[in-house]
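The values are calculated or read from the model by the stated rules, or taken from the named source; none is laboratory data. What you see is a predicted model, and the numbers here were worked out from it, not measured in a lab. Positions of Cβ are backbone-derived with ideal geometry, glycine not excepted, and every protein chain shown enters the neighbour counts. All accessible areas refer to the heavy atoms of the entire protein, side chains included, with ligands and DNA or RNA removed. Shrake-Rupley method; radii C 1.70, N 1.55, O 1.52, S 1.80 Å.
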Amino acid sequence: MGPGVKRKRTILDIRKMKSDGQKIAMLTCYDYPTARILDESGIDILLVGDSVGVVFSGYDTTLPVTMDEMIYHSRAVARAKPKSLLVVDLPFLSYQTDIRDARVNAGRLVKEGGAEAVKLEGGENVVESIKAIVDMDIPVMGHIGLTPQSIHRMGGYKVQGKSESAGEQLLADALAVQSAGAFAVVLEGIPLKLAAKITSELAIPTIGIGAGPHCDGQVLVIHDILGLCEKYSPKFVKHYADVKAIISDAAGRFAAEVKASEFPTDDHSFH
Ligand code: KIV
């Protein structure tokens, strides 16, 4: 797909892209102006990820992110009326507690946040929640492998599925997420051969992040590709621009011109 998605993307398009052998491009997005730019750039899926907590709010992990924060960012992105599919993360503690919470919070992301699909982390352990949300006609994207909401179990942001048994469990998780009704699944931080195997065994698209080139699509965090997040720089991130340098240069020149009384000039003043 070239720049500028012309037609509204739905989950049907995303599923068809796998059968047509077309790769899926997904980026995170947390605000209105970025949503407009990404939509015009041909991104198939905008993900209001709970990574917002780390790259935007400055938390150390995604765990403190609340439903209200997710709804706030989702509404900002939805206001851009993107043709990209709008997927929004269910944050920690919004679906792990019980099925009713999962249903109510998925519903809130749609009703209050404008989400067109929700994403949640986990495999066999979240099957009942996925089924319950899909039964409400809310499309669900799964997320397995390195699941940041499980940081304390994993003992850090570590590649998952390295042993044979861990790989088999991840394949079982992927199949369980698919059987529960998910329309796609994110594979994060797993060996590329395992991601290729899962991708070939699933009918639904896999979207990789740190999972190699054989997934049906790829997702990255927008702040990472723009060079705006200095906290972590995982191996799988590619820097497509140095926006930090651009902001720093612009702010520095503004400060210098103000101090030298070179800004504002007559052109920027009212008479
Ligand atoms: O929260 C997020 O941004 C994510 C992506 C990295 C997949 O879950």
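Odds and ends about this structure:
- Here's how it looks for Gly210: its modeled amide H is under 5 Å from those of Gly189, which are all 5 or more places away or on a different chain.
- Local net charge near Glu69, Cβ-Cβ under 15 Å (Lys/Arg +1, Asp/Glu -1): -3
- Against the rule of thumb 2.2 N^0.38 Å, how large the Cα Rg of region 205-251 comes out: 1.35
- When peptides 74-80, 32-38, 195-201 are sorted by average Cβ neighbour count within 10 Å, with the highest value leading, the order is 74-80, 195-201, 32-38.
- Apolar share of the accessible surface for the chain: 56 percent from carbon plus sulfur atoms, 1.4 Å probe.
- Phi angles across region 62-68 convert, under the Karplus curve 6.51 cos²θ - 1.76 cosθ + 1.60 with θ = phi - 60°, into 3J(HN,Hα) values of 7, 4, x, 5, 9, 4, 4 Hz, Gly and Pro given as x.
- P(r), alpha carbons of region 1-93 - 5 Å bins starting at zero, rounded %: 3, 15, 24, 21, 16, 12, 7, 2
- Whole-number D in µm²/s for region 113-271 (Stokes-Einstein; Kirkwood sum over Cα pairs; 4 °C, 1.567 mPa s): 71
- When the convex hull of its Cα atoms is projected in every direction, mean area for region 84-177 (nm²): 6.4
- Its alpha carbons considered, region 17-171 gives a radius of gyration followed by a Dmax of 15.6, 45 Å.
- Beta bridges per DSSP with both ends in the chain, % antiparallel, nearest 5: 5
- Under-5 Å amide H pairs with Ala184, H placed in peptide plane, nonlocal only: Gly142
- The lysines whose alpha-carbon is closer than 30 Å to the alpha-carbon of Lys238, local same-chain residues fewer than 8 away aside, are Lys6, Lys8, Lys16, Lys18, Lys23, Lys81, Lys83, Lys119, Lys158, Lys162, Lys193, Lys197.
- Cα-only radius of gyration and Dmax that characterise region 178-271, units Å: 22.2, 70
- For region 106-122, backbone phi angles converted through the Karplus equation (6.51, -1.76, 1.60; θ = phi - 60°) give residue-by-residue couplings of 4, x, 5, 5, 6, 5, 9, x, x, 5, 9, 7, 10, 10, 9, 9, x Hz, Gly and Pro being listed as x.
- Shown in residue order for region 34-41 are the 3J(HN,Hα) couplings computed by the Karplus curve 6.51 cos²θ - 1.76 cosθ + 1.60 at θ = phi - 60°: 5, 4, 5, 5, 5, 4, 6, 8 Hz (x for Gly and Pro).
- The value given for the chain is a Kirkwood hydrodynamic radius of 19.4 Å, derived from the mean inverse Cα-Cα separation.
- Relative packing of peptides 213-221, 42-50 - highest average C-beta neighbours within 10 Å first: 42-50, 213-221
- Å² of accessible area per residue within the chain, as computed with a 1.4 Å probe and no ligands counted: 50
- For region 89-180: relative contact order, % (alpha-carbon pairs under 8 angstrom, 6 or more apart): 27
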